[in-house]
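The structure under discussion appears below in the form of structure tokens.
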Amino acid sequence: MKELSIKHFFDLCRQRFVLSIVTDPGSMDKKIIEPHIHRPGLALSGFFDRFPYQRIQLLGETEINYLQTLQDDILYDRLNEMMSMNIPCFMVSKGLSVPSQMEFIANEKNVPIIVSRLATEKLYWQLSRFMRDYFAPEQSLHGTLVEVFGVGILLAGRSGIGKSECALELVERKHRLITDDIVKLKLQEDKLYGMATKDIGHFMEIRGVGIIDVERMFGIEAIRKECKIDIQVELMPWRENMDYERIGLTNQHTELLGINIPTIYLPISPGKNVSVIIEVIAMNHILKTYGYDGAEAMQRKLAEEMQQKTRMRTISGNLQEN
Amino acid sequence: MFRKKITVQNRLGLHARPSSLLVKLANKFRSDFHIRKEDMTINGKSIMGVMMLAAEYQSEIELIADGVDEDYLIEEVEKLFAEKFGED
């Protein structure tokens, strides 16, 4: 399970959420283990049944005002009980200041209180979004990710089949490389995104040549850091008795992180220009998303022609009988 | 050389799906395979060719095979037509 330490969170989001910390910096070793955010209204009023203590506790103006109306001993009891439960942190919106007693207990219990200057609603949404992205399911796989005419294409297939060489040819044709060899997949808002596992630049291994730097060689327009994955193309050696797709009316899929990605099994044989085929796959995908399917169109035209001929046949048959 | 005339039995004719089944089957054999309809002769191992025939219901086509397994090829193809490509 992924986790995010308060310190790391603070460093990542300090500017975005205009954060400052109220408690001792020592409290920042705590870890967030859940992406959800909770507004602890009921807990503050004393109802602790099923209190989701492992979530970030967000306090807005209402909660802070409520705390200020409480008598000192009740305030102490409630906050003490809450903070005994291993809360990852309190977030306070609008740059509000917390009651001094709360600050005291927090320091004692080692619970960080982080103040943001953003309004409560805005903070809530942006924070949820950040948390969801950070805790999004991930997976790494062997492959090369390229963007062709704006379509994200994941090139898969066994080592040495020519994924890198294919990507290189595409880059030369003014398409873009995202990553070679290892692709990190990430699920965001029900869409699959791919990126490099490490942000160290766009290097690539070409058999017989060694490592090359694609960005240096082809320029900034040849690369991209991440992109949405639309299609997977599985490169495979040509085999005599394998059923390859001939028409394109049936679609195959591969499941990645629970998302079905259309998959094309592309046989490779010497003299075949794979990069041109990849371009065609990308263009065909665009046509399909715009509602035009070439295979279907041809099928429709043929069906019309055959229907007409059948009709003519029945008419002439009837005439002969009479 | 082995020739045989047959009639298309399935109501929808040789549309995309039957064509692909036919081509897949034909490609399993070593013999050359052609199909003639009226004055058009095409290679029976090429999907575009077969689809371009637009052979409708009850039209007559001629299967032409040439090679070591020609009779076997025709037999299998005939079976596929008789089964109406699993349609109707």
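The values are calculated or read from the model by the stated rules, or taken from the named source; none is laboratory data. Bear in mind that the values here come from a model prediction, so they are computed numbers and not experimental data. FYI the Cβ positions are ideal-geometry reconstructions off the backbone, even for glycines, and counts take in every protein chain you see.
For the reader, a short list of remarks on this structure follows.
- Filtering the stretch B:1-18 to residues that are within 11 Å of chain A (Cβ to nearest Cβ) and either farther than 14 Å from B:Ala55 by Cα or of a type in the set (A, V, I, L, M) (or both) leaves B:Val8, B:Leu12, B:Leu14, B:Ala16.
- Hits in the stretch B:9-47 (condition: farther than 18 Å from A:Lys301 by Cβ and hydrophobic (A, V, I, L, M, F, W, C)): B:Leu21, B:Leu22, B:Val23, B:Leu25, B:Ala26, B:Phe29, B:Phe33, B:Ile35
- Restricting attention to the stretch B:19-66, the residues being in a strand (DSSP E or B) and away from chain A (no Cβ under 11 Å) number 15.
- The condition of being more than 30 Å from B:Leu21 (Cβ to Cβ) and part of a helix (DSSP H, G or I) holds for only one of A:Glu221, A:Glu205, A:Glu304, that being A:Glu221.
- Cross-chain or 6+ apart pairs with Cβ under 7 Å, the stretch A:20-35 first and assigned to a loop (DSSP other than H, G, I, E, B), then among the hydrophobic types (A, V, I, L, M, F, W, C) and at pLDDT below 85: A:Ile33/A:Met1
- Residue match in the stretch A:99-116 (condition: closer than 30 Å to A:Glu189 by Cα and part of a helix (DSSP H, G or I)): no
- Any hit, the stretch A:177-185, residues being part of a strand (DSSP E or B), closer than 30 Å to A:Leu19 by Cβ and not aliphatic (A, V, I, L, M): yes
- Conditions (1) hydroxyl-bearing (Ser, Thr, Tyr); (2) surrounded by fewer than 23 Cβ atoms within 10 Å (Cβ to Cβ); (3) touching a residue at least 60 places away in the same chain (Cβ under 8 Å): number failed by A:Ser164: (3)
- Only listed residue being surrounded by 13 or more Cβ atoms within 10 Å (Cβ to Cβ), over 17 Å from A:Trp125 (Cβ atoms) and out of contact with any Phe, Trp or Tyr (no Cβ under 6 Å at 6 or more places or on another chain), chosen from A:Ile37, A:Ile21: A:Ile21
- For the stretch A:268-318, taking the residues that are away from chain B (no Cβ under 11 Å) and basic (Lys, Arg), the one that is nearest to A:Ile229 (Cα to Cα) is identified as A:Lys288.
- Residues satisfying the criterion are present in the stretch A:267-286 (criterion: more than 25 Å from B:Leu14 (Cα to Cα), in contact with a helix residue (DSSP H, G or I) (Cβ under 7 Å, 6 or more places away or on another chain) and not in a helix (DSSP H, G or I)).
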